[in-house]
Structures are given as structure tokens and as C-alpha cells.
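Chemist: Supplied in C-alpha cells, the structure appears directly below.
The values are calculated or read from the model by the stated rules, or taken from the named source; none is laboratory data. Owing to the predicted nature of the structure, the values given are computational and were not obtained by experimental measurement. Note that each Cβ is placed from the backbone with ideal geometry, even for glycine, and that neighbours are counted across all protein chains shown. Just the protein is used for accessible areas: all its heavy atoms, side chains included, with ligands, DNA and RNA removed. Shrake-Rupley method; radii C 1.70, N 1.55, O 1.52, S 1.80 Å.
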Amino acid sequence: SNKPLMIIHHLDDCPHSQALKKVFAEHKDIQKLAEKFILLNLVYETTDKNLSPDGQYVPRILFIDPSLTVRADITGRYSNRLYAYEPSDISLLYSNMQKALKLLKTEL
């Protein structure tokens, strides 16, 4: 489908995951933009090192382009957890989603 993949690692019993999920679901622009992605919610940790490049923590969000390349250049604001997002980071997540789509168009 040539859509980028957005993998959301989270846990049902994690308050940080639940808080991010709530803000994500309520953000109208993100919901509209999400239609241009294949969204994959992972509730269980993976052994695939490509999906945990800097460790296994939740919530973390990775962008993967249609060539199955993990976009290590699209990160959150934390240097010790590159792919972590908190509810207060929702505007950064939105701009990173836009960035993932823009990179997809310029690279294909």
C-alpha cells in the first residue's frame, strides 16, 4: 500500500501508555493523519532488535517506511529514550508523523 508503518509499543497496565493513548485518540489532526499510516499496536515486547534500537521501554513509537527500514532519524525529545512520547509531546508526535510522510514522498 506504500503507507509508512507506525508501531506503537505499549502496555495495558502502564499509566504512561494509557495517558498517551487517551491524548492520541482525542487529537483530531492525529486521527486524520493516522489514516495515511498502517498502525500496529504492540502490547507485548518483541525480541526483534530493530524494533527496540535503544532499549525496551513503553510507550515508544517507531516509524518504518515501506522498504521495511526503521526510521531512526524520527525521534522524540528524550536523549535517553529516543522513541518515547508523553502526552505533553503530542504536537511533536504529530510533526513526526508529517515528517515520516514527507520523507516517504521525497525518497520514493
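Yes/no per residue for (1) under 11 Å from the mean Cα position of the chain (by Cα); (2) outside any loop (DSSP other than H, G, I, E, B); (3) over 26 Å from D13 (Cβ atoms):
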site	(1), (2), (3)
V23	no, yes, no
L39	yes, yes, no
T47	no, no, no
D73	no, no, yes
S79	no, no, yes
Q98	no, yes, yes
L101	no, yes, yes
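Chemist: Scan segment 62-86 for residues that are out of contact with any helix residue (DSSP H, G or I) (no Cβ under 8 Å at 6 or more places or on another chain) and hydrophobic (A, V, I, L, M, F, W, C) and jot them down.
Modeler: I64, L68, A72, L82, A84
Chemist: Looking at R71, R81, R60, R77 in this structure, which one is of a type in the set (K, R) and in contact with a His (Cβ under 6 Å, 6 or more places away or on another chain)?
Modeler: Details: R71 fails: in contact with a His (Cβ under 6 Å, 6 or more places away or on another chain); R81 fails: in contact with a His (Cβ under 6 Å, 6 or more places away or on another chain); R77 fails: in contact with a His (Cβ under 6 Å, 6 or more places away or on another chain).
Residue meeting the stated conditions: R60.
Chemist: Tally the residues that are open to solvent by less than 20 Å² (accessible area, probe 1.4 Å) and either of a type in the set (V, I, T) or modelled with pLDDT under 95 (or both), restricting the search to segment 18-32. Walk me through how you get there before you give the answer.
Modeler: Keep residues of segment 18-32 that are open to solvent by less than 20 Å² (accessible area, probe 1.4 Å), which gives 20, 30.
Next cut, either of a type in the set (V, I, T) or modelled with pLDDT under 95 (or both) only: 30.
Count: 1.
Chemist: Which numbered condition trips up P53, out of (1) within 17 Å of H16 (Cα to Cα); (2) open to solvent by 50 Å² or more (accessible area, probe 1.4 Å); (3) assigned to a loop (DSSP other than H, G, I, E, B)?
Modeler: (1)
Chemist: Still on this structure, please answer the following. With the checklist (1) closer than 19 Å to N2 by Cα; (2) touching a residue at least 60 places away in the same chain (Cβ under 8 Å) in hand, flag the one item E35 doesn't pass.
Modeler: Every listed condition holds for E35 apart from (2).
Chemist: Show the residue pairs meeting these rules: Cβ distance below 6 Å; 6+ apart or different chains; first residue within segment 47-63 and of a type in the set (S, T, Y); second residue at pLDDT 90 or above.
Modeler: Y57/R81
Chemist: Please specify each residue of segment 4-17 satisfying the condition of being surrounded by fewer than 15 Cβ atoms within 10 Å (Cβ to Cβ) and touching a residue at least 12 places away in the same chain (Cβ under 8 Å).
Modeler: Pass one, segment 4-17, residues surrounded by fewer than 15 Cβ atoms within 10 Å (Cβ to Cβ): 12-13, 15.
If the condition is that a residue be surrounded by fewer than 15 Cβ atoms within 10 Å (Cβ to Cβ) and touching a residue at least 12 places away in the same chain (Cβ under 8 Å), then D12 is the only one that fits.
Chemist: Another question, if that's okay. Say we look at segment 58-93 and pick out the residues that are crowded, with 16+ Cβ neighbours inside 10 Å and among the hydroxyl-bearing types (S, T, Y); which of these is farthest from K21 (Cα to Cα)?
Modeler: Restricting to residues being crowded, with 16+ Cβ neighbours inside 10 Å and among the hydroxyl-bearing types (S, T, Y), the top hit is T75.
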